[in-house]
Amino acid sequence: MPLKINFEGHDGNLLSGVLHKSSPKNKKNDNSIVISVHGFGVDKNYWIVKELSRYLDKKKIASMRFDMTGVGESSGDVKDSTIEQMVNDLNAAVKYAKDAGYKKIMVAGHSLGGMAAILAATLNKDIHALALMAPAIDIRHAIKHRKDTYKHMENGMAEVAKTKVREEFLENISRHVYGEAGKIKIPVLIVHGGADKSTGIRNARKFFGKLKAKKKFVLVKDANHHFSKKKHLNVLMKEALDWVKNV
């Protein structure tokens, strides 16, 4: 039975989440949990994040999904978002899981949530493994090629993924994380759609090539950024499950 939870974020905001705490089939999974991180413009009930929790729940693996600051049921103002804030929120979620007794904490991040997961993993020793789902590796690429998603507005505001934020947010996220690859010492899975026009598969492959730790790259042919078709989502779920069970 999913359990609604609340925990304190890095800056004191109250973050809201859902804990899927299944009874494990064996002791190996008893202290394992997967924390799912949503991208920008969505929340903990986003298609991929919610389905992953349900899928892992059926396989008797605990998982947790939560709303970033100012999103969904979490307090704060989304207009003040930064990638650093997203990383801090994720670290707060990892701390919650650790305090709850989970010793093997894995993080599954989608889109900008994937970038947050990468940055957190370079500093947080409590993260055991990463599963990156269509991760945002080079936001400069996305801003350049998806002008329909990133718009400058009046009065110092901008629109990112249909969400109004301060214009400074565009500058804040206009970065890449290629240089972080060499700092990651934990296993990394990347699942990317072949028809993803939002984050760019070349960026993901370039990042993957720089990783020195255990790694796996899965290309889901014809899948878009959101893995909208059920058959594509099923591939993503199965690959994530296999990774979680074997790292």
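Points to keep in mind about this one:
- The residues of the stretch 110-125 include none that are closer than 20 Å to residue 246 by Cβ and assigned to a loop (DSSP other than H, G, I, E, B).
- Filter pass, residue 97 being surrounded by 22 or more Cβ atoms within 10 Å (Cβ to Cβ), closer than 23 Å to residue 4 by Cβ and touching a residue at least 40 places away in the same chain (Cβ under 8 Å): yes
- Filter pass, residue 142 being part of a helix (DSSP H, G or I), among the aliphatic types (A, V, I, L, M) and farther than 20 Å from residue 71 by Cβ: no
- Residue, surrounded by the fewest Cβ atoms within 10 Å (Cβ to Cβ), within the stretch 77-94, restricted to residues that are farther than 15 Å from residue 41 by Cα and out of contact with any strand residue (DSSP E or B) (no Cβ under 8 Å at 6 or more places or on another chain): 84
- Counting only residues that are part of a helix (DSSP H, G or I) and either in contact with a Ser or Thr (Cβ under 7 Å, 6 or more places away or on another chain) or closer than 20 Å to residue 200 by Cβ (or both), the stretch 172-186 holds 7 of them.
- Residue match in the stretch 129-138 (condition: under 18 Å from the mean Cα position of the chain (by Cα) and surrounded by fewer than 24 Cβ atoms within 10 Å (Cβ to Cβ)): yes
- Considering residues of the stretch 76-112 that are among the β-branched types (Val, Ile, Thr) and at pLDDT below 95 only, the residue nearest to the chain's Cα centre (by Cα): 83
- Number of residues in the stretch 137-155 that are at pLDDT 80 or above and touching a His at 6+ places or on another chain (Cβ under 9 Å) equals 4.
The values are calculated or read from the model by the stated rules, or taken from the named source; none is laboratory data. From a predicted model like this one, the values you see are computed outputs, not experimental measurements. All Cβ positions, even for glycine, are placed from backbone atoms using ideal geometry, and neighbour counts span all protein chains on display.
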